[in-house]
Amino acid sequence: MTAHRSVVVLDYGSGNVRSAVRALERLGADVTLTADRDAVAEADGLVVPGVGAFAHVMEALTAVGAPRLIERRLAGGRPVLGICVGMQVMFTEGVEHGERTAGLDQWPGTVERLDAPIVPHMGWARVEPPVDTVLFDGIGEERFYFVHSYAARTTPEYVRTTWATHGDTRFAAAVENGPLSATQFHPEKSGDAGAELLRNWLTTL
């Protein structure tokens, strides 16, 4: 049962968040698009979307006080889901055009440019979830929709990591770590498989 779970999709100026709002609403969640600190703190779940450059997303998150809000939720064991660059910023740093930008440092690791003949990686790709996954429970070998040029190539051993490959780069497609989960792909644009993943996340709230 996922109905009536309250979810905040963090509103900090990231584009194209309406699709995430609609996808969660279709699953029965009570969704609010806001950066209000009380709403963020009190919601059953928080979604951190993200498109564009790592540095720009971090600047925008910082402008609305999001790093502290996210840290407080996680310290209290309250679920957070990062999507696309919203996943990338959970790592220690991002490197773009030779410049390093500090991330939220929830996981050690560096987000780097994909090593592939064609970048960005845009389109559908299969993923390799771990056996103890929660997000991918019951989904099987499905494809998900990616749009990105950067990704984390390593993750700490203590997290559950789902992998994917583009060109010569094996990268983290999703990470699960207690109350913090994240996907490099866009579940809200990934059809039935993406909807099932979001449903799985909602059941953890």
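The values are calculated or read from the model by the stated rules, or taken from the named source; none is laboratory data. Predicted model, so just to flag it, every value in this text is computed and none were measured. All Cβ positions, glycine included, derive from the backbone under ideal geometry; neighbour counts span all protein chains shown. SASA here: full protein model, heavy atoms, side chains in, ligands and nucleic acids out. Shrake-Rupley method; radii C 1.70, N 1.55, O 1.52, S 1.80 Å.
Values as computed for the structure displayed
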| read-out | value |
| --- | --- |
| Given (1) modelled with pLDDT under 95; (2) open to solvent by less than 10 Å² (accessible area, probe 1.4 Å), index of the condition Leu61 fails | (1) |
| So Ala20, is it of a type outside the set (D, E, K, R) and open to solvent by 10 Å² or more (accessible area, probe 1.4 Å) | no |
| Some residue of region 121-131 being at pLDDT below 95, among the aliphatic types (A, V, I, L, M) and open to solvent by 80 Å² or more (accessible area, probe 1.4 Å) | yes |
| Region 59-72 residues that are more than 14 Å from Leu180 (Cα to Cα) and without any contact (Cβ under 8 Å) to a residue 60 or more places away in the chain, paired with ones that are open to solvent by 20 Å² or more (accessible area, probe 1.4 Å) and assigned to a helix (DSSP H, G or I) (beta carbon under 7 Å, 6 or more apart) | Leu61/Pro67; Gly65/Arg37 |
| Filter result for the condition that a residue is without any contact (Cβ under 8 Å) to a residue 60 or more places away in the chain and either within 20 Å of Val7 (Cα to Cα) or touching a helix residue (DSSP H, G or I) at 6+ places or on another chain (Cβ under 6 Å) (or both), over Val47, Val131, Val80, Val127 | Val47 |
| Any pair with Cβ under 9 angstrom, 6 or more apart, that starts in region 84-104 at a residue that is without any contact (Cβ under 8 Å) to a residue 24 or more places away in the chain and crowded, with 17+ Cβ neighbours inside 10 Å and ends at one that is in a strand (DSSP E or B) and basic (Lys, Arg) | Glu93/Arg100 |
| Residue satisfying condition, being surrounded by fewer than 17 Cβ atoms within 10 Å (Cβ to Cβ), in contact (Cβ under 8 Å) with a residue 24 or more places away in the chain and assigned to a strand (DSSP E or B), within set Pro108, Pro117 | Pro108 |
| Single residue of Arg100, Arg72 found to be over 23 Å from Asp11 (Cβ atoms) and of a type in the set (Lys, Arg) | Arg100 |
